[in-house]
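Chemist: My questions will all concern the structure given below.
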Amino acid sequence: MSFIDGCAVKMLTPLLAARFPFGRADQLRDVMKWCASDYFIKASIGERFEARGLVVIGESRQGKSTEIQSMLKAFNDGTTIMPDGRPAVIVSCLLSGKVTWKDLGIVILEELGYPLTGPQYRGRHSQAEIWSKVRNCAELQGVVGIHFDECQHVFTEKDSVTNQKMLDSFKSLLKDQHWPLMLIFSGIPSLSTHIKKEEQLDRLLRTVSFEGIDLTREADMEELLQVIFSYADKAGLDVDSFATDEFPHRLAFAACQRWGLVIELLIEAFGHAAHEPDKVCRIDHFSAAFSKISGLPLGYSPFTMPDYQRHFDQSKLMEAYEKTRSKKKSRAKSP
């Protein structure tokens, strides 16, 4: 007996692969184009130069990582050629917790295909040696930039000598006299606050903000409706019975005004509706999706409660989402 749900696979594969063309993606690519063009021009002159970078900020589950990875996939497709004739490459690493500058260098080396496996090997190399290897490997491979995802984790809440050293180290990568690197930082809004404390670093960066959903803005309402119907079309489901009424407001509220969570809820709900013979997605499917993603009891959701805004505190709801995600990650790591 197969444990693969063929109906769900057929339904969910195109949804998980889909990338809705948000307007913010254009803004992100414009800033990346400015950054890469600046690098190309300076590299073609052949003299020492400072690279540029960008900071992408937004609350969690706004879709920052998805948009950046989509952009980097396009950047790394071989069509962006540097003056030395090689295709440009940007590598990416996820910072899931507090790390030292030496630890960060080891992570980047692994991304560059040069892992220092085992503590006995890591201990043999100084911080300076590790970052020298990073620069050498980057130059050999045509790597012109690094993306640091969830970068707020490298900073402490209070100002500290460690924070300043980290900022100085990032600045040194942009200003390296032999092989400067473009940098992309992404994280929650507090990341921008830390970076602005180092004026020379901040001067070399441009910021892109991923704002939350605000349905008092006509553009946001229009974009949300486009997201709903675009994903429904890909799933081959009918949502006409509720999607243009009060539903967008309930969906945005249930997603805590986060675009990334909107996508998660849509995909999960359409997965629940995959087996419906009439191919109609109903409110109950969204209620079930909400329960699964948030971990709250089935039937207790902003999609079904009459006075949902009074029954739910969005800050606590966001905590429930994050708690459920953490549990899933823990189970995935368990042997």
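The values are calculated or read from the model by the stated rules, or taken from the named source; none is laboratory data. What you see is a predicted model, and the numbers here were worked out from it, not measured in a lab. Cβ placement follows ideal geometry from the backbone for every residue including glycine, while neighbour counts extend to all protein chains displayed. For the accessible areas, the whole protein counts, side chains as well, though only heavy atoms, and no ligand, DNA or RNA atoms are used. Shrake-Rupley method; radii C 1.70, N 1.55, O 1.52, S 1.80 Å.
Chemist: Working only within region 69-108, note down all residues that are open to solvent by less than 40 Å² (accessible area, probe 1.4 Å), over 26 Å from residue 37 (Cα atoms) and not in a loop (DSSP other than H, G, I, E, B).
Modeler: Hits for region 69-108 are 101, 104, 105, 106.
Chemist: For region 221-254, what are the residues that are in contact with a Phe, Trp or Tyr (Cβ under 6 Å, 6 or more places away or on another chain) and closer than 25 Å to residue 320 by Cα?
Modeler: Correct list: 227, 250, 254.
Chemist: While we're on this one: If residue 146 passes every condition in (1) part of a loop (DSSP other than H, G, I, E, B); (2) in contact with a strand residue (DSSP E or B) (Cβ under 8 Å, 6 or more places away or on another chain) but one, which one does it miss?
Modeler: Just one mismatch for residue 146, condition (1).
Chemist: Right, here's the next one. Starting from region 179-208, keep only residues that are without any contact (Cβ under 8 Å) to a residue 24 or more places away in the chain, then list their pairs with residues that are surrounded by 15 or more Cβ atoms within 10 Å (Cβ to Cβ) and assigned to a helix (DSSP H, G or I) whose Cβ atoms are within a distance under 8 Å, requiring at least 6 positions of separation or different chains.
Modeler: Close Cβ pairs satisfying both conditions: 196/202; 202/195.
Chemist: For residues that are among the small types (Gly, Ala, Ser) and closer than 13 Å to residue 152 by Cα, scanning just region 94-110, find the one that is modelled with the lowest pLDDT.
Modeler: Taking region 94-110 and keeping what is among the small types (Gly, Ala, Ser), we get 96-97, 105.
Next, only the ones that are closer than 13 Å to residue 152 by Cα stay: 96-97.
Numbers: 96: 76, 97: 73.
Within region 94-110, the match that is modelled with the lowest pLDDT is 97.
Chemist: Keeping to region 162-213, report how many residues are within 18 Å of residue 102 (Cα to Cα) and either in a loop (DSSP other than H, G, I, E, B) or of a type in the set (D, E, K, R) (or both).
Modeler: Residues meeting the conditions: 5.
Chemist: Return the total of residues in region 307-335 being in a loop (DSSP other than H, G, I, E, B) and at pLDDT below 90.
Modeler: Qualifying residue count for the region: 2.
Chemist: Is there any pair linking a residue in region 82-93 that is at pLDDT below 95 to one that is open to solvent by 60 Å² or more (accessible area, probe 1.4 Å), with Cβ under 6 Å and at least six apart or on different chains, and which?
Modeler: 93/111
Chemist: In region 136-175, which residue that is more than 25 Å from the chain's Cα centre (by Cα) and under 20 Å from residue 75 (Cβ atoms) is least open to solvent (accessible area, probe 1.4 Å)?
Modeler: Among those that are more than 25 Å from the chain's Cα centre (by Cα) and under 20 Å from residue 75 (Cβ atoms), it is 137.
Chemist: Hey, could you check region 252-262 for residues that are in a helix (DSSP H, G or I) and surrounded by fewer than 22 Cβ atoms within 10 Å (Cβ to Cβ) and say which is modelled with the lowest pLDDT?
Modeler: Taking the candidates together, the pick is 260.
Chemist: Right, next: Could you count how many residues in region 277-311 are more than 17 Å from residue 240 (Cα to Cα), out of contact with any Leu (no Cβ under 9 Å at 6 or more places or on another chain), open to solvent by less than 80 Å² (accessible area, probe 1.4 Å) and touching a residue at least 24 places away in the same chain (Cβ under 8 Å)?
Modeler: 3
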